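The values are calculated or read from the model by the stated rules, or taken from the named source; none is laboratory data. Quantities reported herein were computed from a predicted structural model and do not represent experimental measurements. As a convention, Cβ positions derive from the backbone with ideal geometry for all residues, glycine included, and neighbour counts pool all protein chains shown.
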Ligand code: NAD
């Protein structure tokens, strides 16, 4: 597949004529090429977006809503094609792309097509001063959206949909590791009647195309999802330019299991929260803490279940875990497993590369459980972002809370308990942007989404996203 930039409604090769290889992780082979875009390509996109802005920002909410809903319809109609493309590009099981990634991408457009028709601003009557204040919410102008490889279309659309709904024009860059569905989305947007220049998709590397977007003086805001180190680099460039910034970064999420939990619900959910998408979801619960009375039973049952998970070709319907996204990432994850013993950990299951029949060069890894004795170890402090979890017992609620918060990250946390008071106490005290109690990954798109500490700045989702992508202006009228 040859991927092209989508600029001003046209599909273009990179101006420099330079291309990057695109790999299929399931077989470890190059299967296409993508533009290695430069400053010139970004400049072309920004120029198109600036020209499109006056028209798009003055369209009615209903008009924008209709186009966004059409995009959602077309994503749904292309479910099979998009799911296969996502799987080929990323290594995730087709079944997962079909049940999670692509439906959610459609929901993102559907949700914001409706949300914009309900978005309102405030007014404040200044009693005694004979004045009324009201807030105008104006689109920002041209905004940049930069997304990662783990949930490619899901996260790409999570940014683009609210940005467009609010009346902005967008320069978007998907991850160079997984560009395919962003390219297919460009085609869908053209088909849906999105006016030219309103969305521009520029492909290429973070250090070049991404950095140019972040530094471009005409781009008013950056919505970024990716690693914490990249987020810091982006903030360093964008902050002195006074851009609005939304940073959704890494996580090292605790999964705290109390002995009074609903065990039969907890066990299969913990299997998912550990290994869904090969553990490459920022919300995966990679530090599992279990109350001591349940520890041995959980350990035995969890190991048994994990051993039953099938690592296989993403197209195979029996596959639970597909391939990791790239050779470099596989090596990074293996590097952590290699450190386990030195860090005081004990490998309970997994840890080895898997040879999948007829896909021997694919990047497959066994789901891995490591028993640790301290939360201070590297395995519990650094984001591995692969099919690797640690388990460790705790004795008291206070200890569980301290373990959960002993992290530079604060994205999400999962609690398993049937004690209402305890769940309320912990939900309030845990330093995380999202706390799930007796569930995981249950999402209502109206809720604020984002992290505390090194997991990010700002919130996406619902009205938070529409607020981010608009500039509030107070008007005060004296009468
Ligand atoms: P990454 O930071 O390497 O790259 C993310 C995107 O940023 C890519 O498009 C990349 O090309 C671009 N980029 C890289 N350097 C850049 C720069 N200097 N300027 C501008 N853009 C640049 O992240 P990744 O490896 O693609 O994704 C994995 C990370 O994403 C993990 O840390 C994971 O936790 C995080 N993540 C967070 C969330 C969340 O919602 N908080 C969701 C998914 C993934």
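At a glance:
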| item | result |
| --- | --- |
| Some residue of the range 180-189 being farther than 17 Å from residue 81 by Cα and either assigned to a helix (DSSP H, G or I) or not assigned by TED's automatic domain parsing to the domain that holds residue 90 (or both) | no |
| Those residues of the range 216-240 which are closer than 13 Å to residue 173 by Cβ and within 9 Å of the ligand (Cβ to nearest atom), in sequence order | 222, 224, 225, 226, 230, 234 |
| Helices (runs of 4 or more DSSP H) lying entirely in the range 356-443 (those with 1 or more residues that are in contact with a strand residue (DSSP E or B) (Cβ under 8 Å, 6 or more places away or on another chain) and more than 20 Å from residue 275 (Cβ to Cβ)) | 397-405, 420-429 |
| Search result, residues across the range 374-403 that are more than 28 Å from residue 353 (Cβ to Cβ) and within 15 Å of the ligand (Cβ to nearest atom) | none |
| Test: residue in the range 55-63 that is under 15 Å from residue 162 (Cα atoms), in contact with a strand residue (DSSP E or B) (Cβ under 7 Å, 6 or more places away or on another chain) and either modelled with pLDDT of 95 or more or not in a helix (DSSP H, G or I) (or both) | yes |
| Residue match in the range 303-313 (condition: more than 10 Å from the ligand (Cβ to nearest atom), outside any helix (DSSP H, G or I) and free of Cβ contacts under 8 Å to residues at least 24 places away in the same chain) | yes |
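Yes or no, residue by residue, for (1) at pLDDT 95 or above; (2) touching a helix residue (DSSP H, G or I) at 6+ places or on another chain (Cβ under 9 Å); (3) within 16 Å of the ligand (Cβ to nearest atom):
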residue	(1), (2), (3)
257	yes, yes, no
265	yes, no, no
268	yes, yes, no
273	yes, no, yes
279	yes, yes, yes
283	yes, yes, yes
286	yes, yes, yes
290	yes, yes, no
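Every residue, every condition in (1) surrounded by 20 or more Cβ atoms within 10 Å (Cβ to Cβ); (2) within 14 Å of the chain's Cα centre (by Cα); (3) closer than 25 Å to residue 256 by Cβ, yes or no:
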{"site": "438", "(1), (2), (3)": "no, no, yes"}
{"site": "444", "(1), (2), (3)": "no, no, yes"}
{"site": "450", "(1), (2), (3)": "yes, yes, yes"}
{"site": "454", "(1), (2), (3)": "yes, no, yes"}
{"site": "464", "(1), (2), (3)": "no, no, no"}
{"site": "467", "(1), (2), (3)": "no, no, no"}
{"site": "471", "(1), (2), (3)": "no, no, no"}
{"site": "475", "(1), (2), (3)": "no, no, no"}
{"site": "478", "(1), (2), (3)": "no, no, no"}
